[in-house]
Amino acid sequence: MQYTSTRGGVVGVDFEGVLFAGFAADGGLFMPEHIPKLNNVTLTTWRSLSYKDLVKEVCALFIPPEAIPRSDLNGLIDKALGRFRHKDVVPVSRLKSDLSVLEMWHGATHAFKDLAMSCVGQFLDYFLKKNNRHVNILVGTSGDTGSAAIESVRGIPNIDITVLLPHGRCTEIQERQMTTVIEDNVHVYAVDGTSDELDEPIKKLFGDTEFVKRHNLMSTNSVNWARVMVQIAHFFYGYFQCAPSQDNELLPPVEIVVPTGGAGNITAGCIAQKMGLPIQLVAVVNSNDIIHRTVQKGDFSLGNTERTLASAMDIQVTMTRNLTSIFLLH
C-alpha cells in the first residue's frame, strides 16, 4: 500500500513516511492510492470480531507486513487498547430498538480520540525504537485532541510533544488534563485566539520542509492518516453491533450519526463506505457549520469561529482540509 497527497504533488509514500509526515510536502493530506473493496464474505466474517480484532484487520489492509509484521502489529494494537476501562473497549448502549450509542469515552481522557491516538503512539514508538530516532510532535487543539495526544506518548523517551491550546476556549477538565501532566517530554502552551487561528501558523510551519526536516517535526492532528485509518474500525464495529443478522448475503443499511469537528472521523466513515460497508452518514455540527454549508449550499467560506458548549467542535480550518479527502472519495 502506497499513499499520495490530496493535492497530487507527492506520490508513492509508504506507511512509515506517512505516519511521520502528517501533512504532505505540497500542503495536502495523505490518502491511500487505492481503497480496498471488501466482499460480503469478508464482511460476514468480520461481524463476529471484537473491536480490537477489527482494528487489527483494518490496519493490516493499509500497513503491509514489510512495514510492520502482522504479529508485531497485533501486539501494538493490543497494548494500545489494553488501557481502556471497559473490556469491550467501545461497548454499545441500546436506547431503544432502532437507536444505539457507541460508547467511545472509556479511554484515559474520556475522549473518542483516545482510541486512534493510543494506536498512533504505539506505531510511532515502534519505528522510533527500530530506527533509533527522535521526533518532535506539534499539535494544535480545540480541547480533546491535545489531551489524547499527550496521553498517547507521555513518557516515551524518543518523542517530545508540544501542544498549543486556545487560552480560555477549552473546557476546564480538558485544560487540566493537558496542563497537569508532569513528564519531561510534554510541553503545553496557551495561546491567544481560536483553535483555527492557532492552526494557521502551524500549517505554515509544516510548509517549511527544511525546518520540518531539521527538527524532525510531525503532527498527530486529524491530518495524520494513521488516525483516520484506525477510526475506520469504529464504523465497522458500530455497524456490526447494530445491523440485524441476515441469513442471506444482503447486508442492511445502518445510519450512523457522527458529531463532527475537524471531520477526520467522518472521513474514516466515508472510507468505510468505499470499502463496501452499507452505512449512511449524518454529520452533526454546531454553529461552526462549514461542512453543512458546503454540502447543502456549496458555501466553502470561513466564517467567524463561534464559542459553543461543544468547544472541541469549534473548528473550521481543519475541517476544510479533511473535506478535501472526502471530496476525492466521491
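So how do W46, W105 line up by other beta-carbon neighbours within 10 Å, fewest first? All intermediate terms of the calculation are to be shown ahead of the outcome.
Values: W46 19, W105 15.
By the 10 Å Cβ count, ascending: W105, W46.
Looking only at the chain, where both bridge partners belong to it, what percent of the DSSP beta bridges are antiparallel (to the nearest 5)?
Numbers: 9 of 29 bridges.
The antiparallel fraction comes to roughly 30 percent.
Report ³J(HN,Hα) in whole Hz for each residue of the stretch 252-262, in order, from the Karplus equation J = 6.51 cos²θ - 1.76 cosθ + 1.60 where θ = phi - 60°; Gly and Pro get x.
These are the phi-based 3J(HN,Hα) values: x, x, 10, 8, 10, 9, 10, x, 10, x, x Hz.
Give me the percent relative contact order of the stretch 64-117, please, defined on Cα pairs under 8 angstrom at least 6 residues apart.
Numbers: 40 pairs, mean separation 12.9, N = 54.
Here the relative contact order equals 24 percent.
Quick one: how many lysine pairs in the chain have C-alpha atoms under 23 angstrom apart, if they're 8 or more apart or on different chains?
Value for the chain: 25.
With +1 on the Cβ of every Lys and Arg and -1 on the Cβ of every Asp and Glu, and nothing else charged, how large is the dipole of the chain about its Cα centre, in debye rounded to the nearest 20?
Charge dipole, the chain, about its Cα centre: 400 debye, nearest 20.
When the Cα centres of the stretch 150-169 and the stretch 185-221 are compared, how far apart do they sit, in Å?
12
Hey, can you grab everything whose amide H is under 5 Å from the amide H of T171? Only 5+ residues off in sequence or another chain; H modelled, so Pro and N-termini drop out.
Distant-sequence amide H within range of T171: zero hits.
Taking 8 Å as the Cα distance limit and 6 or more residues as the minimum spacing, I'd like the relative contact order of the chain as a percentage.
19
Using amide H atoms built 1.01 Å from N in the peptide plane, name the residues 5+ places from L217, or on other chains, whose amide H lies under 5 Å from its own.
N136
Below 8 Å, C-alpha to C-alpha, sequence gap of six or more: please give me the relative contact order for the stretch 105-195 in percent.
29
Give a quick list of chymotrypsin sites (Phe, Trp or Tyr not before Pro) in the stretch 224-316 that DSSP marks as loop, anything other than H, G, I, E or B, with at most 13 other Cβ atoms within 10 Å.
Answer in residue order: F300.
Could you please rank I256, I77, I150, placing first whichever residue has the fewest other Cβ atoms within 10 Å of its Cβ?
Placing the least packed residue first, the sequence is I256, I77, I150.
Based on DSSP H runs of at least 4 residues, each adding -39500 (n - 2.57), what is the mean residue ellipticity at 222 nm of the chain after dividing by all its residues, to the nearest 500 deg cm²/dmol?
The per-residue figure over the chain is -13000 deg cm²/dmol.
Would you please give the FRET efficiency between H86 and R176, computed as 1/(1 + (r/R0)^6) with r the Cβ-Cβ distance and R0 = 22 Å, to the nearest 0.05?
The calculated FRET efficiency here is 0.40.
Give, rounded to the nearest 20 debye, the magnitude of the charge dipole that the stretch 175-330 has about its Cα centre when Lys and Arg contribute +1 at Cβ and Asp and Glu contribute -1 at Cβ.
Using only the charged Cβ atoms, the result is roughly 300 debye.
Computed from the coordinates by the stated procedures, all read-outs in this text should not be read as laboratory data. Keep in mind it's a predicted model, so treat the numbers as computed, not measured. Ideal geometry is used to build each Cβ from the backbone, glycine not excepted, and the neighbour counts take in all protein chains shown.
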